[in-house]
Amino acid sequence: MGLFYYQGRAIRFPPTSHAYFKGFWERGGFYEQELLEHIARVSEAGIFIDVGANTENHSLYFALFCPSTQVLSFEPNREHKNSFEELMRLNDATNVALHCFALSGKEGHAEVTYVINKSGPNRTSLDECHTLDRVLSGLDGRVAVMKIDVEGHELEVLHGAQETLKSGDANLYIECIGEAEFEGVSSYLKSLGYEYSGLRFNATPTYEFVKR
C-alpha cells in the first residue's frame, strides 16, 4: 500500500496502480498537477467528466480536491477497472462512477486505441460505444468540467456531446496531439459557442476552452 500527503490529506494507492502514474504519487504529487490545480481554482460546482480515465489520477483529484457533485469517468479498457475502483475506495471517493465503454459520435461499436503505457506500443480492439448526450440524458445537474484525453478521437467524443455543449457552459480541457487536431477541435467548438482561452497545459498539449 502506498501513501502520500497532498494539501494535508492522506492519499492511499494500491500496489496494482499503473506504474507510470504511481511514480508521481510516490514523489508526493499528482500527474499533470499544474492542470489539475488550475481546474480546482477556476471551476464551479457541478458534474466533472473524465473521458479517458485510464490514469485514475484525474478522477481521484476531481473527487477529492474540486467542487464536484459527481465524477463520471469513462475508460473502455477493463484492465484498469479493479485498480481504479480500489483507489477510489481507499480514499473514500464515493461520488465517482466508472463507465467501462468508449464515448463516440454515435451509438454502436468502434475501433478503440488503448495506450498501454507512455513509452510502449498501443493496441486496438472493437468496443462498445455510446454518446455522452445519451449517458447524461437521465442525469440531473450541471456539467462543470469536461476533460478529454482520447488519443486523436476528440472530435468523435465532442460530436456525441453536441447537445450537452450547446445547452451548457462547462469548462473543457482537451488534449490535442498536433496542430491539425487542435484546429479541428477549435473550429467545431467555435460553432457551439466555445473559444480557446489561451491556456495550454502538459507535455502533450491540453487546451482550455470556455463558453463565450
Worksheet item: For segment 122-157, how many residues are buried (at least 18 other Cβ atoms within 10 Å of the Cβ), part of a loop (DSSP other than H, G, I, E, B) and either of a type in the set (Asp, Glu) or more than 16 Å from the chain's Cα centre (by Cα) (or both)?
Response: 1
Practice prompt. Go over the candidates ALA180, ALA144 one by one and state the one that is touching a residue at least 60 places away in the same chain (Cβ under 8 Å) and of a type in the set (Gly, Ala, Ser).
Written response: ALA144
Fill in: Some residue of segment 147-164 being at positive phi and modelled with pLDDT under 95
yes
Worksheet item: Can GLU183 be described as in a helix (DSSP H, G or I), in contact with a helix residue (DSSP H, G or I) (Cβ under 8 Å, 6 or more places away or on another chain) and among the charged types (D, E, K, R)?
Response: no
Item to complete: Answer with yes or no whether LEU72 is closer than 18 Å to LEU98 by Cβ, modelled with pLDDT of 95 or more, in a strand (DSSP E or B) and hydrophobic (A, V, I, L, M, F, W, C).
Response: yes
Worksheet item: For the subset of segment 36-55 comprising residues that are β-branched (Val, Ile, Thr) and farther than 16 Å from GLU208 by Cβ, which member is nearest to the chain's Cα centre (by Cα)?
Response: THR55
Worksheet item: Is it the case that segment 201-208 has a residue that's exposed (fewer than 15 other Cβ atoms within 10 Å of the Cβ), among the hydroxyl-bearing types (Ser, Thr, Tyr) and either touching a residue at least 60 places away in the same chain (Cβ under 8 Å) or in a loop (DSSP other than H, G, I, E, B) (or both)?
Response: yes
Discussion item. Contact list please: Cβ distance under 6 Å, first residue in segment 43-62 and under 18 Å from TYR6 (Cα atoms), second residue of a type in the set (Asp, Glu) and crowded, with 23+ Cβ neighbours inside 10 Å, pairs at least six apart or on different chains.
Written reply: HIS58/ASP50; SER59/ASP50
Discussion item. Looking at ARG212, ARG200 in this structure, which one is of a type in the set (Lys, Arg) and modelled with pLDDT under 95?
Written reply: ARG212
Item to complete: Quickly run through segment 158-171 and pick out the residues that are buried (at least 20 other Cβ atoms within 10 Å of the Cβ) and within 20 Å of CYS129 (Cβ to Cβ).
Response: LEU158, GLY160, ALA161, THR164, LEU165
Discussion item. Can you list residue pairs whose Cβ atoms sit under 9 Å apart, with the first residue in segment 23-38 being within 12 Å of PHE13 (Cβ to Cβ) and the second being among the acidic types (Asp, Glu) and surrounded by 14 or more Cβ atoms within 10 Å (Cβ to Cβ)? Count only pairs 6 or more apart in sequence or on different chains.
Written reply: PHE24/GLU32; PHE30/GLU37
Item to complete: Give me a count of the residues in segment 186-200 that are part of a strand (DSSP E or B) and free of Cβ contacts under 8 Å to residues at least 60 places away in the same chain.
Response: 6
Item to complete: Please specify each residue of segment 1-46 satisfying the condition of being β-branched (Val, Ile, Thr) and either crowded, with 16+ Cβ neighbours inside 10 Å or part of a helix (DSSP H, G or I) (or both).
Response: ILE11, ILE39, VAL42
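The values are calculated or read from the model by the stated rules, or taken from the named source; none is laboratory data. This one's a predicted model, so the numbers in the text were calculated from it and none came from an experiment. Ideal geometry is used to build each Cβ from the backbone, glycine not excepted, and the neighbour counts take in all protein chains shown.
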